[in-house]
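Have a look at the structure below, then the notes.
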Amino acid sequence: MPTAAEKAKMAMAEEAQRAEVARLMETLTPAQVLHLIGEMQRLTLRAPDVARALLGENTQLGLALQHAQFLAGMLEELALT
């Protein structure tokens, strides 16, 4: 079981990841954001197992998609988990 210091370090690393993803996502045009969301939606409809595996192996992709939804107005605020 991780110590309090290890948990704090992991939380800081996750927050840094989120900030980097947000910074990169905000460089996209609105059309690019919507395209990204649309492509992921198509993948989940056509190959849900592939989409699940892709997101499971690439946590930053999940964060990017969540931020894309926020930028597109699909989410009122970003979840912290």
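Key figures for this structure:
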| item | result |
| --- | --- |
| Listed residues M25, M74, L36: farthest to the positive end of the dipole of the chain (Cβ charges) | L36 |
| Reported label for calculated P(r) over Cα pairs in 10 Å bins from 0, in percent given (1) 17, 43, 29, 10, 1; (2) 15, 40, 21, 16, 8, 0; (3) 18, 48, 25, 8, 1 | (1) |
| Cα-projected label distance for R46 with E6, points at 7 Å along beta-carbon direction, nm | 4.2 nm |
| The chain: relative contact order as a whole-number percent, Cα under 8 Å and 6+ apart | 34 percent |
| Nearest-20 debye value, region 4-71 charge dipole, Cβ charges on Lys, Arg, Asp, Glu | 120 debye |
| Cβ-based net charge around A16, under 14 Å, with every Lys or Arg adding one and every Asp or Glu removing one | 0 |
| Least to most buried among H35, H67 (fewest other Cβ within 10 Å first) | H35, H67 |
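Rule-based calculations on the coordinates, nothing more; no lab input. Just so it is clear, the model here is predicted, and its values are computed rather than measured. With ideal geometry, Cβ positions are generated from the backbone for all residues, glycine too; neighbour counts draw on all protein chains shown.
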